[in-house]
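Read through the structure below, which is laid out as structure tokens, and then see the notes.
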Amino acid sequence: MINADSAQVYADLRIISARPAAEDEARAPHRLYGYRDPAQPCSAADWAADARRAVAEAHEAGRLPVLAGGTGLYLRTLLDGIAPVPEIDPAIREAVRSFSAAHNHAALEREDPVAAARLRASDSTRVARALEVIRSTGRPIGEWQKQRTGGIGGEVELLPLLLLPPREWLYRNCDRRFEKMMSEEGVEEVRSLVARGLNPLLPAMRAIGVREIAAFLAGALTREQALEAGRTATRRYAKRQYTWFSRQPPADWPRLTEPLDAERLEPTLADWGRSLPGRGTCSSRS
């Protein structure tokens, strides 16, 4: 099992990121789960390089690598490759990331209006990336993205499965998931993370659950307010993921649209597994 979830790459966030339990990880080798310190951002390029190695190691060992996770950018980068943008000047990156998303989006409208038009002003990560690329390289990020290198899509037999359960079922489970995050163990994970004094703009610090529970610990939100804020954020993120995986992958990728309850899911997955033509690399959304 190879993780393709951008939150589950970080150590010390097992509950918050809903990583597989230790007993599940013991059933088969798991790679790229909890392997990055929260102080070290994991970009799509970073993850794709690590995933390429993990896939190759699985093949060399005679095992089937199964990619599981819902970070579409990670999966697309691994399969299709990434734009060969040169290393960003650290001083430029630090300067850009010291400002808010709204400030950076306004700057992007002046310096790269094409990128600004397609990015939401609230998308702090992508807005900052586009701004630091134009400032560091002198070329808009869109020009770089027309060139892609390093993808493995043409080198493997891909056996995809998209999990797209009914939205009502999905949202109910989103609510239950955040309630688990607010457990004593989840709150303690966030307490320990906040105590490190990390930059609040780091991806791990902006993960769903971290912001809401940190606000609760700081006294800015009551427990019920944190629960409601977390439920709302989780549902919104799930909606974006659902839309992306409904529209972006090729139309011939199989879609599983049933509720993901174990008693119904296992027979369906067994039937799907029997239909697979030999050994390949599987990618699924969870």
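The values are calculated or read from the model by the stated rules, or taken from the named source; none is laboratory data. As the structure is a prediction and not an experimental result, all values here were calculated from the model. Positions of Cβ are backbone-derived with ideal geometry, glycine not excepted, and every protein chain shown enters the neighbour counts.
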Next item on the list: Among the candidates Val190, Val194, single out the residue that is under 30 Å from Val96 (Cβ atoms), of a type in the set (Val, Ile, Thr) and crowded, with 18+ Cβ neighbours inside 10 Å.
Entry: Val190
Next item on the list: Within the stretch 238-256, work out how many residues are part of a helix (DSSP H, G or I) and exposed (fewer than 14 other Cβ atoms within 10 Å of the Cβ).
Entry: 4
Checklist line | Of all residues making up the stretch 50-92, the number that are of a type in the set (Gly, Ala, Ser) and without any contact (Cβ under 8 Å) to a residue 60 or more places away in the chain | finding: 7
Item checked: Qualifying residue in the stretch 152-164 (condition: under 28 Å from Asp37 (Cβ atoms), part of a loop (DSSP other than H, G, I, E, B) and of a type in the set (Val, Ile, Thr)) -> yes
Notebook entry, point to check: Does Arg110 satisfy the condition of being modelled with pLDDT of 95 or more, assigned to a loop (DSSP other than H, G, I, E, B) and surrounded by fewer than 18 Cβ atoms within 10 Å (Cβ to Cβ)?
Noted result: no
Margin query: Just to verify a result, which residue in the stretch 18-36, among those that are in contact with a helix residue (DSSP H, G or I) (Cβ under 9 Å, 6 or more places away or on another chain) and either surrounded by 22 or more Cβ atoms within 10 Å (Cβ to Cβ) or among the hydrophobic types (A, V, I, L, M, F, W, C) (or both), is modelled with the highest pLDDT?
Written below: Leu32
Margin query: Tell me yes or no: at least one residue of the stretch 36-51 is touching a Pro at 6+ places or on another chain (Cβ under 8 Å), under 29 Å from Leu193 (Cβ atoms) and either outside the structural domain of Ile16 (by TED's automatic domain parsing) or not small (Gly, Ala, Ser) (or both).
Written below: yes
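Residues checked against (1) out of contact with any helix residue (DSSP H, G or I) (no Cβ under 9 Å at 6 or more places or on another chain); (2) assigned to a loop (DSSP other than H, G, I, E, B); (3) surrounded by 14 or more Cβ atoms within 10 Å (Cβ to Cβ):
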site	(1), (2), (3)
Ser6	no, yes, yes
Ile16	no, yes, yes
Asp50	yes, no, yes
Leu67	no, no, yes
Gly70	no, yes, yes
Notebook entry, point to check: In the stretch 138-154, which residues are in contact with a strand residue (DSSP E or B) (Cβ under 9 Å, 6 or more places away or on another chain) and modelled with pLDDT of 90 or more?
Noted result: Gly151, Ile152
Next item on the list: Check Ala215 against each of (1) assigned to a loop (DSSP other than H, G, I, E, B); (2) modelled with pLDDT of 90 or more; (3) closer than 30 Å to Arg93 by Cβ and name the one condition it does not meet.
Entry: (1)
Checklist line | Single condition Leu163 does not satisfy, out of (1) crowded, with 16+ Cβ neighbours inside 10 Å; (2) modelled with pLDDT of 95 or more | finding: (2)
